[in-house]
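Computed from the coordinates by the stated procedures, all read-outs in this text should not be read as laboratory data. Only a predicted model underlies this, so the values are computations on that prediction, with no experimental measurement involved. Methodologically, a virtual Cβ is constructed for each residue, glycine included, from the backbone with ideal geometry; neighbour enumeration extends over all protein chains shown.
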Amino acid sequence: MPRQTDDAGAVAGLHRPSAAEKIHETVRYLLRSWELYAFVLPAIIHVLLFRYLPIYGLRIAFTDGFSLRSGRSAPEWNEFAHFIRFFNSAYFIPVIRNTIVISLYSLATWPIPLALALMINEARSRFFKKSVQMVTYAPHFISTVVVVSIMYFFLSPRIGVVNSVIQLLGGEAIFFMASPSWGPSLFVLSELWQNAGFNAIIFLAALSAVDSSLREAAFCDGANKLQIIWHVEIPWIMPTIVILFIMRLGQLLTIGFEKVLLMQNDLNISTLEVVATYTYRSGILQSQYDYATAVGLLETVVNFAILVAANRLARRIGQTSLW
Amino acid sequence: MVDFRSRSDRIFDRINVALLVVVLVATLYPVYFVVIASVSSPTLVSAGHVYLWPDGFNVEGYSYILRDKRIMFGYRNSLIYAVGQTIISLVLTIPAAYALSRRDMRWRGLIMFYFVFTLYFTGGIIPFYVVVLKLGLKDSVWSLMLPNAVNVFNLIIARTFFQSNIPDELLESAQLDGCNNTRFFVSIVLPVGQAIIAIVVLFNVVQNWNAFFHALLFINDQAKYPLQLVLRRLLILNQLLSGGGEGLEALSPEEIQRRQLLADLLRYGTIVVAIAPLMILYPFIQRHFVKGIMVGSIKG
């Protein structure tokens, strides 16, 4: 709720203001503070155009015959025909399976930045600490296109370093980037390479706020480093962990779509076609706008539901929540 | 200094440092390898002779790349788009963030909700695509500068910054002197907010410089391709040597191999050219990023 301004508070303190008084008071307030609203207005309009208009556009998921030219579709509700078509299509099972596999695989690696932060925090030399930090979050600034092309090189069966090592050890060269079984792993590992250091920053910040007298007390009581991490540091930063985890859950099915798209080729698409890339393919490339909107909407709704559920759970067990 | 560490803690520290060194090498090596491969003899690289330092030093690749118009145009376009979006973004975000930081602004909770909601619920790719098309931005450079100009995360960061860095007393005394909101914003808020403006600029430039998907959606005209889309063509769709695909049968196997090796060399060099600007700036800007994330994490 917006806080009352001081003069409004004074009026409310004396007697209940009538509707006319309220309007009068609001007008006076706006005359005085209209500039603040003028400051926000451009951003509001921008978000209306580029964020809310697309949300309004979701209605084409429930109708037939959308035409890009007119921007209209048939007025009547099509009884979930697009959704039913997706459920019955041959793509449904593989696309959902790939999405779930990659999502859960990524989620399983979520604690790694936390572990990295704990490790960096334990390093004794300040210089070493700073160097590790600086180096590990540099890849975050490299574009997805470049990361994927580095992967093509590095993992190439012809010139790749990884395969040279495999062959040196007497193994067979593997064409990683064309292998369906390697697809999800390569995606998840490259995401870690790119973002683990960056995601560790926030944990490191939380760790730097741990009360050092607690650490010393535990140390005096004979706790070793692992025990201090487990019984002092982790409980201390738990609220941060919970909040970040909820936010991560809200993005559960949002897979680094650009990277998957760039990694896809005819050979590995069987494990790398996920809901978002399928939406792109069927919607933009095959111009089935209404159908693809329905598929995309499923993902948004599931994500949103998971976020709400996770937030409720966190509020119940941890007394922390996003809202 | 006396070392108070117990035996187990000493072992712990050693293992910890060893693991961190592994992480360090694993992070650096792929990029380092591309850099040394780009200045080595491609024959030696493909034979697996180059892994620690350059061998058969040559800069032939770079002389090709720097003459390649596509890459240079991509560079120029990306620079224009990044600067353009950043300016639009600042104009839209900074005043809004300041207004929303004012505790005396009515309905600001409601307005914040209006913005934050879009972080969690979106229309998805297709409706977004349709909207941008209907706004007439297909094949327009504006499609790469306008749609992401308001980033709610940046808005939250800037708002938090203003909330904690502009004391209420300052506003009150300015108001007593008859200073209106616009003047206060221009002469007090903007100078105080320089740090946060720098952060928003950096976030915008990096994000725009690395983006390729909107260009893939909206831009057909190759003259308007941003660098990332050029790179995608050259590096991932394997089209570096123009005309490399057709008429290969007519060439001798040696010629094909020679071309293949040259193509590899050019790709290594292209990657280096693509990441060079950010990597050179990185040591200077990374502090600000960390600061930005800290400010953002206080509430957001």
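Among A:Val135, A:Val242, A:Val295, the ranking by other beta carbons within 10 Å of each residue's beta carbon, starting with the fewest, stands as A:Val135, A:Val242, A:Val295. Among the residues of B:130-136, the average count of other protein chain beta-carbon atoms within 10 Å of the residue beta-carbon is 5. If I require 18 Å or longer along the helix axis, counting alpha carbons, and a Kyte-Doolittle average no lower than -0.5, what helices from chain A are left? Use full DSSP H segments. Both cut-offs are met by A:19-47, A:92-108, A:183-208, A:234-250, A:289-318. Taking the Cα centre of chain B as the origin and placing charges on Cβ (Lys, Arg +1; Asp, Glu -1), which of B:Leu171, B:Ile219, B:Phe289 is farthest toward the positive end of the dipole? The Cα lying farthest towards the positive end belongs to B:Leu171. Every helix of 4 or more DSSP H residues in chain A counts as -39500 (n - 2.57), and over all residues that averages to -20500 deg cm²/dmol at 222 nm.
Protection proxy ranking for B:166-179, A:254-267, using the average of other Cβ atoms within 10 Å per residue and placing the highest first: A:254-267, B:166-179.
Dipole magnitude for chain B: computed about the Cα centre from +1 point charges on Lys and Arg Cβ and -1 point charges on Asp and Glu Cβ, it is near 600 debye. Size of the protein assembly as shown from its Cα atoms: along the principal axes, largest to smallest, the extents are 95, 78, 49 Å.
The simple Förster model, with R0 at 51 Å and r as the Cβ-Cβ distance, assigns A:Ser67 and A:Leu169 a FRET efficiency of 0.30. Note that the range B:136-148 has calculated 3J(HN,Hα) couplings of x, 9, 4, 6, 9, 5, 5, 5, 9, 10, 7, x, 9 Hz, one per residue in order, obtained from phi through the Karplus relation 6.51 cos²θ - 1.76 cosθ + 1.60 (θ = phi - 60°); glycine and proline are x. Annotation: amide H of B:Gly56 within the under-5 Å range of B:Ser41, sequence separation 5 or more or interchain, hydrogens built in the peptide plane. Each of B:Trp107 and B:Ala223 was given a label point 7 Å from its Cα along the Cα-to-Cβ line. The distance between the two points is 4.6 nm. Calculate, for A:Ser125 and A:Tyr91, the FRET efficiency according to 1/(1 + (r/R0)^6) with r their C-beta to C-beta distance and R0 35 Å; round to the nearest 0.05. Taking R0 as 35 Å, the efficiency between A:Ser125 and A:Tyr91 is 0.10. Within the straight-line cut-off of under 13 Å between alpha carbons, the aspartates and glutamates reachable from B:Lys138 are B:Asp221, sequence neighbours fewer than 8 places apart in one chain being disregarded. With R₀ set to 51 Å, the beta-carbon distance separating A:Met238 from A:Arg28 gives a calculated FRET efficiency near 0.60. Please list, by residue number, everything in the range A:23-43 whose backbone N is under 13 Å from a paramagnetic label point 7 Å out along Cα→Cβ of B:Val91. Under cut-off, by backbone N: A:42-43.
Averaged over the residues of B:111-123, the number of partner chain Cβ atoms lying within 10 Å of the residue Cβ comes to 6. Highest mean packing comes first when the peptides A:172-185, A:269-282, B:218-231 are listed by Cβ atoms within 10 Å, giving A:269-282, B:218-231, A:172-185.
Residue separation of A:Tyr105 and A:Arg316 scaled by 0.36 nm, minus their Cα-Cα distance, works out to 73.3 nm of gained length. Modelled spin labels at A:Ile84 and B:Phe213, positioned 7 Å past Cα toward Cβ, are 3.1 nm from each other.
Of the residues B:Ser6, B:Ala26, B:Asn58, the one whose Cα sits farthest toward the positive end of the charge dipole of the range B:1-58, with +1 on the Cβ of Lys and Arg and -1 on the Cβ of Asp and Glu, is B:Ser6. Residues considered: A:Arg59, A:Arg312, A:Arg28. Largest GNM mean-square fluctuation over chain A, using C-alpha springs under 10 Å, is found at A:Arg28. Taking the range B:72-110 and a reference point 7 angstrom along Cα→Cβ of B:Ala195, no backbone N atom is nearer than 13 Å.
Centroid-to-centroid, using Cα positions, the range A:190-245 and the range A:61-113 are 39 Å apart. Taking 0.36 nm per residue of sequence separation and removing the Cα-Cα distance, the A:Glu35/A:Ile306 pair yields an extension gain of 93.6 nm. Listed by Cβ neighbour count within 10 Å, with the fewest neighbours leading, B:Phe57, B:Phe213 appear as B:Phe57, B:Phe213. Legend: distances between Cα atoms for A:Lys259/B:Lys224; B:Lys134/B:Lys224; A:Lys129/B:Lys291; A:Lys259/B:Lys291; A:Lys130/A:Lys225; A:Lys130/A:Lys259; pairs beyond 25 Å are A:Lys259/B:Lys291; A:Lys130/A:Lys259.
Residue by residue along B:287-293, Cβ atoms of other protein chains within 10 Å of the local Cβ number 3 on average.
Only the Cβ atoms of Lys and Arg (+1) and of Asp and Glu (-1) were treated as charged; on that basis the dipole of chain A about its Cα centre amounts to roughly 260 debye. A simple charge model with +1 on the Cβ of Lys and Arg, -1 on the Cβ of Asp and Glu and nothing else charged puts the dipole of the protein assembly as shown at about 660 debye relative to its Cα centre. Mean residue ellipticity at 222 nm, helices only, chain B: -22000 deg cm²/dmol; runs of at least 4 DSSP H residues each add -39,500 (n - 2.57), and the sum is divided by the number of residues.
Taking every alpha-carbon pair under 8 Å whose residues sit at least 6 apart, the range B:1-90 reaches a relative contact order of 17 percent. Using C-alpha pairs below 8 Å separated by at least 6 residues, the relative contact order for the range B:59-300 is 35 percent. Under the classification rounded if a/c is under 1.5, otherwise prolate if a/b is larger than b/c and oblate if not, where does the range A:81-318 fall, given a ≥ b ≥ c as square roots of the Cα gyration tensor eigenvalues? Verdict is oblate for the range A:81-318. Farthest toward the positive end of the dipole of chain A, out of A:Leu252, A:Val148, A:Gln194, is the Cα of A:Gln194, where the dipole comes from beta carbon charges about the Cα centre.
The shape of the range B:59-300 can be summarised by an equivalent ellipsoid whose semi-axes, obtained from the alpha carbon gyration tensor, come to 45, 20, 14 Å from longest to shortest. Relative to the longest principal axis of the Cα atoms of chain B, helix B:194-210 runs at roughly 30 degrees.
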